[in-house]
Amino acid sequence: KLPLESIQVVLEELRKNGNLEWLDKNKTNFLIMWRRPEEWGKLIYQWVLKNGLTNSVFTLYELVSGDDTQNEEFHGLDETMLLRALQALQQEHKAEIITLDDGRGVKFF
């Protein structure tokens, strides 16, 4: 058991490193991330390049639950974190999040 001050120090270090995000202004709820969204995006994009899948479109489901990604570290990734990772790739002009008839998808460049 840690004193409250020590817990706050640990949480602040996680935030500085990009592995924690406060979910409210009172700093009572937070999200701890194993990897930052940019790191997940990099792993996903490496998989795209390795498999020659640029200019391909995928549903979000295919990326995290499909047979093609079963052995990848991002397989089973939470949809919220997946969207953050894809938004990071979108900012780098490596991907574009699109709306499909049955949900969301992504096109890689």
**Q.** Solvent-accessible area, 1.4 Å probe, carbon plus sulfur percent, for the range 41-109
**A.** 42
Q: Under a cut-off of 19 Å between alpha-carbon atoms, report the lysines in cross-link reach of Lys25, not counting same-chain residues fewer than 8 places apart.
A: Lys16
Q) Residues of the chain: accessible area per residue at 1.4 Å, in Å²? A) 69
**Q.** 5 Å binning of all Cα-Cα separations within the chain, expressed as whole percents from 0 upward
**A.** 2, 11, 20, 21, 15, 10, 9, 6, 4, 1, 0
Q) Can you pull out the trypsin sites (Lys or Arg not before Pro) in the range 1-44 that DSSP calls coil and that have at most 11 other Cβ atoms within 10 Å? A) Lys1, Lys25
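The values are calculated or read from the model by the stated rules, or taken from the named source; none is laboratory data. Everything numeric here is computed off the predicted structure, so don't read it as measured data. With ideal geometry, Cβ positions are generated from the backbone for all residues, glycine too; neighbour counts draw on all protein chains shown. Note: accessible area is taken over every heavy atom of the protein model, side chains too, but ligands, DNA and RNA are not part of it. Shrake-Rupley method; radii C 1.70, N 1.55, O 1.52, S 1.80 Å.
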